There are 2 protein chains.
Amino acid sequence: MLSWVEVPPGCDFPLENLPYGAFERNGRVRIGVAIGDFVFDLGAAADAGLFDGFTEREIVSAPNLDRLLATSRPTWRRLRGRIVELLSASSPIAGNGSQYVVAQRDVQMRMPFTVGDYVDFYSSLEHATNMGKILRPGGEPLLPNWRHIPIGYHGRSSTVVIDGTPVRRPRGQRKPPDATLPVFAPTAALDIELEVGFVTGGHTDFGIPLPIDRVDEHIFGFVLVNDWSARDIQAWEYQPLGPFLGKSFATSISAWVVTLEALEPYRVAGAAQDPQPLPYLRGEQPYNFDVHLQAELRTARMDAPEIIARTNFREMYWSAAQQLAHVTSNGSNIQPGDLYASGTISGPAERSYGSLMELTWRGQRPLKLRSGEARGFLEDGDVVTLRGWAKTEGKPRIGFGRVCGEILPA
Amino acid sequence: MLSWVEVPPGCDFPLENLPYGAFERNGRVRIGVAIGDFVFDLGAAADAGLFDGFTEREIVSAPNLDRLLATSRPTWRRLRGRIVELLSASSPIAGNGSQYVVAQRDVQMRMPFTVGDYVDFYSSLEHATNMGKILRPGGEPLLPNWRHIPIGYHGRSSTVVIDGTPVRRPRGQRKPPDATLPVFAPTAALDIELEVGFVTGGHTDFGIPLPIDRVDEHIFGFVLVNDWSARDIQAWEYQPLGPFLGKSFATSISAWVVTLEALEPYRVAGAAQDPQPLPYLRGEQPYNFDVHLQAELRTARMDAPEIIARTNFREMYWSAAQQLAHVTSNGSNIQPGDLYASGTISGPAERSYGSLMELTWRGQRPLKLRSGEARGFLEDGDVVTLRGWAKTEGKPRIGFGRVCGEILPA
């Protein structure tokens, strides 16, 4: 598909993608979609009446996606169809469309939506197995419930931040192995978690589960997620109620929300599940996605980032559909803007692990970087960037952009 | 202090209390304060200009407390001072004030605020000890971290519901002790947790901790909380990431938010803490409150409820101040409407336990009710009501009203 906006080869944002985001320009925040190196300003287009008859102006002229997320899939499809029409080479505005586009380098991206509930899963078999081997050496790596339940927990919504936000090294309680008492100090085990999350739209009623074959109605799109973790704080606090301050200091998401529609061509079946899940977790359609993922690290001494991990979202054992069906199986309701992260995505190979905990085996085998430096966990001044893109033979490449964050000293 | 509104003896809502809530009447939702058996309609008073010069009309004319919570303590003090003035016997509106009050029985209460992040603590020593004895018999009841950290976890905000909302028995995965595989079925171990929560107001910046001696700036007020729990679902899911669907199906709060100002006269020192907490958890002022609490159960066969537990909020080991200082110690920011629940409040005596798990020792010693029935856990049709009130010699009684919920069949 061709657009009248130039799309450089290999760009994350061809006409087939059109992810949504919120951007600030001249002091005003509006929503737009990414196309090539530009943003198509949906608010400006709405002001000009270009969405009249397709969706309400107030939904598209808003400063974030909240109003759009509060509608439902028919509206999302209609709006997307109209945007494709307006941006395609044969568009009626192709000749004078430049007034509606602005270069991405001239805008500041803002949080695309208000986060409702934030849930983080633990759905990669390789990650859960690695963590079991590291934390309970000698024992059975997977706990008995893992192959029956998409294990997860609620995280903190107020600290979900956008790509580019610096992350201050958190202080917290930790108990050094040789100490009898805990100390309160900056974390010495600051880690990343390479994840993909999905964002919900629409509402369901309190007390009413959402069947797995209806999750399409509420999964609006996907973002990259870096679930920053302080492993020493987490280790001391997590019994018996789970991760808390070791996670809650920051979670970064990409600026662009890639829609379910854009990802449709990259849907793939997940790994075979053994044992077969209970009926409420068995869906008709595949719900994994062939999305390549990579983590890059740039230390203060490096000129360019170094790739430290490559993996793929298709590796997930529990799918997004199973996660959402599970969360709502007890009657929990869905609200617009809820964010569900996959949990760390690790593949079978060592350099496919999505956390430093696994890449360095709890810091015991530090990464040797091209700069001559070594890393067990993150140091101040380190910049971590996660990227994701779908690229399957015969189909265009579409990407998520990036989620990036620099570590500031405590 | 006397009001021109009649306050019956023993009522929860004298002029010294004035808790805030949101109420619907004739299809319109506004905020008000409880006084006697009435609601003082803040929106109507604002429309008449009675708050001009004290606070902005749009804050007081709103359909919930969100805008008020987004301001700060000086505004809260000023508004409270003005409401006291307007409702006192010497008020300029004493003669014609009836236009601003409406009987509580003529209104429907609504969620008082939009819940931001919801955190549930585990801060009662007796409760944590009992749970340890029940779940790990023979071992040390308290885990090594418990006396160092206010242990807690993030819960689900979308399922925080107001007093009176029926609660549907959740379905979920559980593994019966004699089974090899889990089943998906209605919980057979539905429980209550008797708690008190605090609601925050104002904002703090991402990455900046709130020192313990400044928590007064952000603790707006307190509510009763019933943290409904499905013990069998919880037992199967909670390793290693903590409670999830066993808790997330419903959390009920009282309709009225009792302000920190109203509770000031009932501030008491907490229990001595041994070992002494780390410096960031040591506050100058006491932060426990002498609030009597009770849980009542009415089964479908009863004419009147039976009290099943009595305890006191002053029993908490970790105070609200310590909880908030802890949560923000890693840089987590505060937003208006965040809700922090105490965790189950249990006293030392058997009938002072705040959950059926403890009252019946995991169902092994069912409660014998006056109706001749027995209860291990809740049955369909059971109605649980929690009440709380402060009453110290020489001071007026102020109360929280109630939080009540009926169990509907799965």
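Some values worked out for this structure:
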{"read-out": "Yes/no for residue B:219 being facing another protein chain (nearest Cβ under 9 Å), over 30 Å from residue B:176 (Cα atoms) and surrounded by fewer than 24 Cβ atoms within 10 Å (Cβ to Cβ)", "value": "no"}
{"read-out": "The lone exception for residue A:210 - which of (1) surrounded by 18 or more Cβ atoms within 10 Å (Cβ to Cβ); (2) under 29 Å from residue B:181 (Cβ atoms); (3) at the interface with another protein chain (Cβ under 8 Å from one of its Cβ atoms) it fails", "value": "(3)"}
{"read-out": "Of the criteria (1) modelled with pLDDT under 95; (2) in contact with a Ser or Thr (Cβ under 7 Å, 6 or more places away or on another chain); (3) not acidic (Asp, Glu), which one residue B:127 fails", "value": "(1)"}
{"read-out": "Test: residue A:242 is within 14 Å of chain B (Cβ to nearest Cβ), crowded, with 20+ Cβ neighbours inside 10 Å, within 30 Å of residue A:185 (Cα to Cα) and out of contact with any helix residue (DSSP H, G or I) (no Cβ under 6 Å at 6 or more places or on another chain)", "value": "yes"}
{"read-out": "Conditions (1) modelled with pLDDT of 95 or more; (2) surrounded by fewer than 24 Cβ atoms within 10 Å (Cβ to Cβ); (3) more than 30 Å from residue B:343 (Cβ to Cβ): number failed by residue A:204", "value": "(3)"}
{"read-out": "Test: residue in the range A:257-277 that is open to solvent by less than 10 Å² (accessible area, probe 1.4 Å), more than 14 Å from every other protein chain (Cβ to nearest Cβ), part of a loop (DSSP other than H, G, I, E, B) and not small (Gly, Ala, Ser)", "value": "no"}
{"read-out": "Any hit, the range A:332-342, residues being away from chain B (no Cβ under 11 Å), open to solvent by 40 Å² or more (accessible area, probe 1.4 Å) and in contact with a Ser or Thr (Cβ under 9 Å, 6 or more places away or on another chain)", "value": "no"}
{"read-out": "Test result for residue A:361, part of a loop (DSSP other than H, G, I, E, B), more than 19 Å from the chain's Cα centre (by Cα) and of a type outside the set (Gly, Ala, Ser)", "value": "yes"}
{"read-out": "Enumerated strands (runs of 3 or more DSSP E) restricted to the range B:107-198, each holding at least 1 residues that are of a type in the set (D, E, K, R) and either surrounded by fewer than 21 Cβ atoms within 10 Å (Cβ to Cβ) or within 11 Å of another protein chain (Cβ to nearest Cβ) (or both)", "value": "B:108-110, B:118-121, B:171-174"}
{"read-out": "Test result for residue B:367, open to solvent by less than 50 Å² (accessible area, probe 1.4 Å) and either farther than 30 Å from residue A:118 by Cβ or of a type in the set (Phe, Trp, Tyr) (or both)", "value": "yes"}
{"read-out": "Hits in the range A:30-83 - residues which are among the charged types (D, E, K, R) and without any contact (Cβ under 8 Å) to a residue 40 or more places away in the chain", "value": "A:30, A:47, A:52, A:56, A:57, A:58, A:67, A:78, A:82"}
{"read-out": "Criterion violated by residue B:392 - all others in (1) surrounded by 16 or more Cβ atoms within 10 Å (Cβ to Cβ); (2) part of a loop (DSSP other than H, G, I, E, B) satisfied", "value": "(1)"}
{"read-out": "Residue within the range A:282-298 that is facing another protein chain (nearest Cβ under 10 Å), open to solvent by less than 60 Å² (accessible area, probe 1.4 Å) and part of a loop (DSSP other than H, G, I, E, B) present", "value": "no"}
{"read-out": "Hits in the range A:395-410 - residues which are surrounded by fewer than 19 Cβ atoms within 10 Å (Cβ to Cβ), of a type outside the set (Gly, Ala, Ser) and farther than 30 Å from residue A:17 by Cα", "value": "A:408, A:409"}
{"read-out": "Sole exception among (1) out of contact with any strand residue (DSSP E or B) (no Cβ under 6 Å at 6 or more places or on another chain); (2) in contact (Cβ under 8 Å) with a residue 12 or more places away in the chain for residue B:320, by number", "value": "(1)"}
{"read-out": "Residue count, the range B:19-29 (criterion: free of Cβ contacts under 8 Å to residues at least 60 places away in the same chain and charged (D, E, K, R))", "value": "1"}
{"read-out": "Among residues of the range A:370-389, those that are open to solvent by less than 40 Å² (accessible area, probe 1.4 Å) and free of Cβ contacts under 8 Å to residues at least 12 places away in the same chain, counted", "value": "0"}
{"read-out": "Test for residue A:39: is it within 23 Å of the chain's Cα centre (by Cα), more than 21 Å from residue A:202 (Cβ to Cβ) and not polar (S, T, N, Q)", "value": "yes"}
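Here is a yes/no grid of residues against (1) in contact with a Pro (Cβ under 7 Å, 6 or more places away or on another chain); (2) over 22 Å from residue B:331 (Cβ atoms); (3) among the small types (Gly, Ala, Ser):
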| position | (1), (2), (3) |
| --- | --- |
| A:225 | no, no, no |
| A:232 | no, no, no |
| A:248 | no, no, yes |
| A:266 | no, yes, no |
| A:269 | yes, yes, yes |
| A:291 | no, yes, no |
| A:302 | no, yes, no |
| A:316 | no, yes, no |
| A:319 | no, yes, yes |
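The values are calculated or read from the model by the stated rules, or taken from the named source; none is laboratory data. Because the structure is predicted, anything quoted here is derived from the model rather than measured. When we count neighbours, we look across all protein chains shown, and the Cβ atoms used for this are built from the backbone with ideal geometry, even at glycine. Note: areas computed on protein heavy atoms with side chains; ligands, DNA, RNA excluded. Shrake-Rupley method; radii C 1.70, N 1.55, O 1.52, S 1.80 Å.
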